[in-house]
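**Student:** Mind having a look at this structure? Questions to follow.
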Amino acid sequence: MLNMRRSWQEELRDSRGMPKVVEITPKMAGKWGTKVGDTVVIPAPIEVDEIMRMVPKGKLITINYIREILAKRHKATIGCPITTGIFAAIAACAAGEMIREGKRNFTPYWRTLKQGGD
């Protein structure tokens with residue numbers, strides 16, 4: 001049986017029915033320091049990639065700032081910390097794939113940092 005894993009670029013383009021804005025549950029509120037009734041946007045992977053691509057040379061962005069941009073864009077209280085981080089990683093892997101393929105128009109993922117500057 002062959003391994004038919006999709007490429008990172010395919011993963012990046014798969015919207016998975018997102019973006020969507022959902023109401024924060026009690027469990028979410030406890031984890032994220034929000035309150036029940038607030039909203040969270042679960043972005044599409046390509047949205048996270050689009051924001052990462054906008055960072056100019058010599059500048060940096062954090063995952064938390066990407067979350068803020070997404071929340072404003074979708075009129076939500078917060079951007080999902082879990083999916084935003086996962087989709088940033090997918091964008092980085094897709095960029096690595098593109099580099100290996102010799103493509104030139106890839107996401108400068110090294111300009112995106114975690115909250116602590118890592």
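**Student:** Out of all the residues in the stretch 18-45, which are in contact (Cβ under 8 Å) with a residue 40 or more places away in the chain, of a type in the set (Val, Ile, Thr) and outside any loop (DSSP other than H, G, I, E, B)?
**Tutor:** Val21, Val40, Ile42
**Student:** Okay, moving on. Check whether at least one residue in the stretch 8-17 is part of a loop (DSSP other than H, G, I, E, B), over 18 Å from Ala76 (Cβ atoms) and of a type in the set (A, V, I, L, M), and report yes or no. Even if it seems obvious, please write down each step before you answer.
**Tutor:** Of the residues in the stretch 8-17, the ones part of a loop (DSSP other than H, G, I, E, B) are 14-17.
Applying the additional criterion that residues be over 18 Å from Ala76 (Cβ atoms) yields 14.
If we keep only those that are of a type in the set (A, V, I, L, M) as well, we get none.
There is no residue in the stretch 8-17 that is part of a loop (DSSP other than H, G, I, E, B), over 18 Å from Ala76 (Cβ atoms) and of a type in the set (A, V, I, L, M).
**Student:** Just to be sure before I move on: is Val48 outside any loop (DSSP other than H, G, I, E, B), of a type in the set (Val, Ile, Thr) and either closer than 30 Å to Asn105 by Cα or in contact (Cβ under 8 Å) with a residue 12 or more places away in the chain (or both) in the structure I sent? Before you say what the answer is, go through the steps one by one.
**Tutor:** On the way: outside any loop (DSSP other than H, G, I, E, B): yes; of a type in the set (Val, Ile, Thr): yes; either closer than 30 Å to Asn105 by Cα or in contact (Cβ under 8 Å) with a residue 12 or more places away in the chain (or both): yes.
Spelling it out, Val48 is indeed outside any loop (DSSP other than H, G, I, E, B), of a type in the set (Val, Ile, Thr) and either closer than 30 Å to Asn105 by Cα or in contact (Cβ under 8 Å) with a residue 12 or more places away in the chain (or both).
**Student:** Which is more than 30 Å from Gly30 (Cβ to Cβ), among the β-branched types (Val, Ile, Thr) and in contact (Cβ under 8 Å) with a residue 24 or more places away in the chain, of Thr107, Thr77? If you could, list the steps in order and put the result at the bottom.
**Tutor:** Working: Thr77 fails: more than 30 Å from Gly30 (Cβ to Cβ).
Going through Thr107, Thr77 in turn, the sole match is Thr107.
**Student:** Name the residues in the stretch 65-82 that are surrounded by 15 or more Cβ atoms within 10 Å (Cβ to Cβ), within 16 Å of Gln115 (Cα to Cα) and out of contact with any helix residue (DSSP H, G or I) (no Cβ under 7 Å at 6 or more places or on another chain), would you?
**Tutor:** Within the stretch 65-82, Tyr65, Cys80 qualify.
**Student:** Taking the stretch 83-118 as the search range and keeping residues that are among the hydroxyl-bearing types (Ser, Thr, Tyr) and farther than 26 Å from Asp38 by Cβ, which one is surrounded by the most Cβ atoms within 10 Å (Cβ to Cβ)? Reasoning before the result, please.
**Tutor:** Pass one, the stretch 83-118, residues among the hydroxyl-bearing types (Ser, Thr, Tyr): 83-84, 107, 109, 112.
Next, only the ones that are farther than 26 Å from Asp38 by Cβ stay: 107, 109.
Working: Thr107: 23, Tyr109: 18.
Only one residue tops the list, namely Thr107.
Read the figures in this text as sums done on the coordinates, not as results from a lab. As the structure is a prediction and not an experimental result, all values here were calculated from the model. For neighbour counting, all protein chains shown are included, and Cβ atoms are generated from backbone atoms with ideal geometry for every residue, glycine included.
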